[in-house]
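Let me begin by presenting the structure, written as structure tokens, before commenting on it.
Every read-out reported here was derived from the displayed coordinates using simple, explicitly stated rules and does not represent laboratory data. Only a predicted model underlies this, so the values are computations on that prediction, with no experimental measurement involved. Every residue, glycine among them, receives a Cβ derived from its backbone with ideal geometry; neighbour counts consider all protein chains shown.
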Amino acid sequence: MEMAEVSLDQVRKEFFPNTVGPSPRYNRENFQAYLREPDAYREFEQWKAQKDQEQPAPVPAATLPLEPREWQVWKTLKNNKELKTADQFRKALKKAKRKIGDWGNDILGRADLLEGIDQDEFELVIASGRDIGFSDARTRREIRERAYQLGLEKCPARVGPLLREEYEDQPNGEWLLVDMEAVADSDGDLSVFHVGRDSVVLWLDADIGHPVHEWDPDDRWVFLRRKSV
């Protein structure tokens, strides 16, 4: 059977309909349910074989110079040093009427929440792949390497839940990925925090943190501003 061209967005919508945000996570529960259907599995295998045979298009070079630059601080986040453990963060978020997704809760219990505990505040910058010079999808490794060359740094893991607690006026539909050291979840998959608003619900959740996973150029990341720049 000849397979029609299938875009990545179509795959996301068809295979992972329950995801939310500008660049949905590959929802493993939806994916496994999809593959349990024999016809769907064969269709997926045919689609995958076709995509594997395609020659990748040339990757355009980034459009910005590599010299570090001064970034505008988006938010100065106060560091609540009394919050040190996952349970303390869970209680604080519950008190603030925030919601924690299953994946977010999973890595919250596994992340190093003491990293950065001595800092009084964190100067946060939002940058997308496009902001750092990419016009096409790039891997997380490429995005991080270029961001760091331009004067940004990774966040301590505690920035994720701290930001979720404080960022009360987040616009509906906005989802921000936190650039941090990826945490292996209970399935062994690397994940990072993301914070988002879905209608009236303010979420702390997790998304793919694998270094070779590709992100769209308009997906937005939270970094630290490097103070030495």
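Below is a table of values for the structure above.
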| item | result |
| --- | --- |
| Segments 82-92, 129-139 sorted - mean Cβ within 10 Å per residue, highest first | 129-139, 82-92 |
| Efficiency of FRET between Lys84 and His213 - r from beta-carbon atoms, R0 45 angstrom, step 0.05 | 0.90 |
| For Asp219, distant residues with modelled amide H under 5 Å away | Gly129 |
| Loop-located trypsin sites (Lys or Arg not before Pro) in the range 156-229 whose Cβ has at most 13 other Cβ within 10 Å (DSSP) | Lys227 |
| Amide H within-cut-off set for Leu202, under 5 Å, with H built and near neighbours excluded | Lys99 |
| Label-point separation, Ala96 to Val201 (7 Å along Cα→Cβ), nm | 1.8 |
| Förster radius 30 Å - calculated FRET efficiency between Tyr148 and Leu114, Cβ distance, rounded to 0.05 | 0.85 |
